[in-house]
1. Give me the dipole magnitude in Debye, nearest 20, for the range 104-209 about the Cα centre, with unit charges on the beta carbon: positive for Lys and Arg, negative for Asp and Glu.
2. Take every DSSP beta bridge with both residues inside the chain and express the antiparallel ones as a percent of the total, to the nearest 5.
3. List the residue ranges in the chain for DSSP H helices whose C-alpha atoms run 20 angstrom or more along the long axis and whose Kyte-Doolittle average is -1.0 or above.
4. To the nearest 0.05, how large is the calculated FRET efficiency for Asp105 and Glu265 if R₀ is 22 Å and r is the Cβ-Cβ distance?
5. Using modelled amide H (1.01 Å from N, peptide plane; none on Pro or chain starts), what sits under 5 Å from the amide H of Asn116, excluding residues fewer than 5 places away?
6. Ordered by residue, what ³J(HN,Hα) values in Hz, to whole numbers, does the range 230-241 give under the Karplus form 6.51 cos²θ - 1.76 cosθ + 1.60, where θ = phi - 60° and Gly and Pro are x?
7. Using a Cα distance threshold of under 22 Å, what count of lysine pairs results for the chain when pairs must be 8 or more residues apart or interchain?
8. So, with +1 on the Cβ of K and R and -1 on the Cβ of D and E, and no other charges, what is the size of the charge dipole of the range 17-160 about its Cα centre, to the nearest 20 debye?
Amino acid sequence: MFSLAQSVGIRGAAGEPLPNTFKSLKRLEVEFRRAELSLVVAGPGTGKSIFALFLAISANVPVLYFSADSSAATQVARATAMITGEDSKAIKSALVEGDFSEYADALGGRWWTRFNFSARPTQKEMETHLLCYLEVYGCNPHLLVVDNVTNVDTGAVGDAEAYTFGLEGLCEYLGEMARETSAHVLGLHHVTGPHSDGLSPIPLSGVKGQVHRVPSLILTIHKEVDGLNSRILHVSPVKNREGFEDSSGATFVSFRLNRANLRLEELDEELPGSIAS
């Protein structure tokens, strides 16, 4: 056991925030802190994978990304567009046609961003990749993304109750992984049926399986189509142990998804009106 004074010395990297380019989220005291677990929750096709990948690319820290929900071609095209600012469709075409040499230098500079594309990674596989990362680079990843948590093969089968308990146990496992590695573990997750269209704010109660006990931070995302061939993503901090939260989901910050380079562009210059006072 440790005294408070001794705990200062053993803290390590725990609590350190990752470089965060989401200025409007920072104004809501949202940080992605090392040694902690967070969930990003949204309906299908809303943009949670793009949000996670943009965080990984823009933070530019050691990353291990378990991409069970998106293929290598999709993630390479998206990441290249985010890094270079060029059109993602043109990049995807170059990738498919095998003429990708012009992007080699841009991707080579992100050598410490590593992906696993297993559709159903097991916990053992995740641990093996973590050990490999440590062996190769001499450090653990600072950010570990699990996209999606429901794709992780925990070996559990059964009814809806067993499914919920399985998710709860997986969150405890990922929370322990964050503690042991000092990585920020970011899990992507789904919503309950009434919120699947992603067109209105999603409250804490909209998290599928109600697995909101373990994560220190939960963000929900709903979308708005602005008519300019782009999409606006509204991000709500519905749970935040270190700062502002609104479990109703009604307080959010907004980003425009640039449909060409897939970067998220800030729309909010001030605090949301509900908390500005």
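The numbers here are math on the coordinates, done by the rules we state, and not lab data. In this text the structure is predicted, and so the values were computed from the model without any measurement. All Cβ positions, glycine included, derive from the backbone under ideal geometry; neighbour counts span all protein chains shown.
1. On the way: 6 positive and 13 negative charges, 54 e Å.
For the range 104-209, the charge dipole is close to 260 debye.
2. 45
3. Answer set is 123-137, 160-181.
4. Given R0 = 22 Å and the Cβ-Cβ separation, E is 0.30.
5. Hits under the 5 Å cutoff: Tyr65, Phe66, Ser67.
6. Coupling constants for the range 230-241: 9, 10, 9, 9, 9, 10, 10, x, 8, 8, 7, 5 Hz.
7. Lysine pairs meeting the criterion: 15.
8. It comes to approximately 420 debye.
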